[in-house]
Amino acid sequence: MTNATSLLDDMPPPIRSYTGPQIALGDLRPLTIGNVPIGFPVVQAALSGYSDGPMRIVARRLGASYTLAEVMIDRFVLELKQRRRTRHRLLVTDEEHPVGGQLMGSDPADFGPAAKKLVEAGFDIIDINFGCPVKTAVGGCRGGYHLSQPDVALEIVSRTRAAVPDHIPVTLKMRRGLDDSDESRERFFRILDGAFARGVAAVTVHGRTVEQRYVGPSNWDFLREVKQHAGAKTIIGSGDLFTAQACLEMLRDTGVDGVSVARGAIGNPWIFEQVRRLAAGLPQLEPDVSEQRRVLNLQCELCLQSTEESQTLSTMRMFGIKFARMHSHHAEVRSAFATARSVAAWREVLDHWYS
Ligand SMILES: Cc1cc2nc3c(=O)[nH]c(=O)nc-3n(C[C@H](O)[C@H](O)[C@H](O)COP(=O)(O)O)c2cc1C
């Protein structure tokens, strides 16, 4: 099924290190994606602008069993050089495995070479984005746009599957359609069935349409229907997972094999441990300010190891603002992070508000 280069064929299977809390699964079934054992069926979504290496490592240490890097445009991956400003985009550390790399693009011919580059960089799973609703993506015939053209979408799947070694699963991320029309629904199922027939190992479904963007709820009834339709094939659900309770409810109410936490993990990486504890019937733990400080500090140090100080500052300002929601003085903390002009000033915010 593959025409991968010998370099890729010779690569040993990736190291699987899990460093998060070891808590029993409760009544949940462990998740597997192709030949990659994931375990706890609650994973961290690809999050553009957020799920860089440091965020992924933090999520792993706090219980995420699998994380995905933010989406990358295939041509960007092909042109990516070892420049200081961009090289972190392809950086995968040992402790992250298994980790997914996600591609988005318009031309099927670009996906294979870009996917190979992600495999060479160390990503264990290649995910294809057929969901992004952003104007520039849809206008550029990328992301969610492909839900309107099943033949092109399936050509992308075939080319990607053929380009990467057999031991690397290829997966899809889809919204439930372009819009609410019957044609859109029919195209969704054509792509879903066609993708599984071409060897895709799992499909993550976000229960909103592209047209809907983020307005209104994610349709969990649709997720249930997709899982019933897919039978033994692996379906991961997405949409409106803001609490540990919601993660368990989606798993139990829709029957999906796994759930993908997105906005619910931005500023609350503890959600993974919270859902593990809830599933195991253990009492809930809320992170106090010293735990919040520890994790913010860790993420900042990890950022400094992989990016320049100016980039670390803008990333950690953004995360600080998100974490501030948990703080009892959230408005003041938020504004203190937002106005930090150096990493040293950002650390002073921690000293002042998180002591
Ligand atoms: C800021 C942001 C960035 C996102 N980036 C990506 C991405 O890179 N790739 C992707 O497949 N989905 C992306 N998504 C979609 C999420 O993975 C998820 O499907 C969606 O947010 C629904 O889940 P939620 O309602 O629980 O947030 C993004 C969502 C947000 C809010």
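The values are calculated or read from the model by the stated rules, or taken from the named source; none is laboratory data. Here the structure is a predicted model, which means the values were calculated and not measured. Reconstructed Cβ throughout: ideal geometry from the backbone, glycine too, with neighbour counts over all protein chains shown. When the accessible area is computed, the model is the full protein with side chains, heavy atoms only, and any ligands, DNA or RNA have been set aside. Shrake-Rupley method; radii C 1.70, N 1.55, O 1.52, S 1.80 Å.
Shape of segment 167-285 from the C-alpha gyration tensor: prolate (a/c of 1.5 or more and a/b above b/c, with a ≥ b ≥ c the square roots of its eigenvalues). The candidates 167, 352, arranged from most to least accessible area with a 1.4 Å probe in the full protein assembly, appear as 352, 167.
The apolar share of the surface of segment 158-249, taken as the fraction of accessible area on carbon and sulfur atoms (1.4 Å probe, ligands and nucleic acids excluded), comes to 47 percent.
Between the listed residues 46, 326, 305, the Cα displaced farthest toward the positive end of the dipole of the chain, a dipole computed from Cβ unit charges relative to the Cα centre, is found at 305.
In segment 289-353, the portion of solvent-accessible area held by carbon and sulfur atoms comes to 50 percent [1.4 Å probe, whole percent, DNA, RNA and ligands not counted]. What shape does segment 289-353 have by the C-alpha gyration tensor, where a ≥ b ≥ c are the square roots of the eigenvalues, rounded means a/c under 1.5, and otherwise prolate means a/b greater than b/c and oblate the rest? The shape class here is prolate.
Tell me the mean residue ellipticity at 222 nm calculated for the chain from its helices only (DSSP H runs of n ≥ 4, each -39500 (n - 2.57), averaged over every residue, nearest 500). The helix-only estimate for the chain comes to -13000 deg cm²/dmol at 222 nm. Modelled spin labels at residue 330 and residue 149, positioned 7 Å past Cα toward Cβ, are 4.2 nm from each other.
Compactness of the chain was expressed as the Cα radius of gyration divided by 2.2 N^0.38 Å, which yields 0.96. Based on protein heavy atoms only, the chain ends up with 42 Å² per residue of surface accessible to a 1.4 Å probe.
The Rg/Rh ratio of segment 221-319, with both radii computed over alpha carbons and Rh defined as the Kirkwood radius, is 1.09. Set the Förster distance to 25 Å, then compute FRET efficiency between residue 308 and residue 288 from the Cβ-Cβ distance, nearest 0.05. Efficiency for this residue pair is about 0.20. The phi torsions of segment 257-274, fed into the Karplus equation with coefficients 6.51, -1.76 and 1.60 and a -60° offset, translate into couplings of 7, x, 10, 10, 7, 10, 4, x, 9, 7, x, 9, x, 6, 4, 5, 5, 4 Hz, rounded to whole numbers, with Gly and Pro shown as x.
In this structure, the amide hydrogen of residue 38, modeled 1.01 Å from its nitrogen in the peptide plane, lies closer than 5 angstrom to those of 31, 32, 33, counting only residues at least 5 positions away or on a different chain.
Note on surface exposure: 247, 141 rank 141, 247 by accessible area, highest first, 1.4 Å probe. Of 193, 151, the order by accessible heavy-atom surface (1.4 Å probe, DNA, RNA and ligands excluded), from most exposed downward, is 151, 193. Can you flag which of 116/233; 117/322; 81/322 are past 28 Å Cα-Cα? Check vs 28 Å cut-off fails for 117/322; 81/322.
With each label modelled as a point 7 angstrom along the Cα→C-beta vector, the residue 214-residue 94 pair spans 3.7 nm.
Here's the picture: a label point sits 7 Å out from the Cα of residue 180 along the beta-carbon direction, and within segment 202-217 the residues with their amide nitrogen under 17 Å of it are 207-217. Counted residue by residue at 0.36 nm each, then reduced by the alpha carbon distance between them, the extension gain from residue 280 to residue 232 reaches 14.8 nm. Take each peptide in 120-132, 180-192, 218-230, 251-263, count the other Cβ atoms within 10 Å of every residue, and average; sorted highest first, the result is 120-132, 251-263, 218-230, 180-192. Dipole magnitude for the chain: computed about the Cα centre from +1 point charges on Lys and Arg Cβ and -1 point charges on Asp and Glu Cβ, it is near 500 debye.
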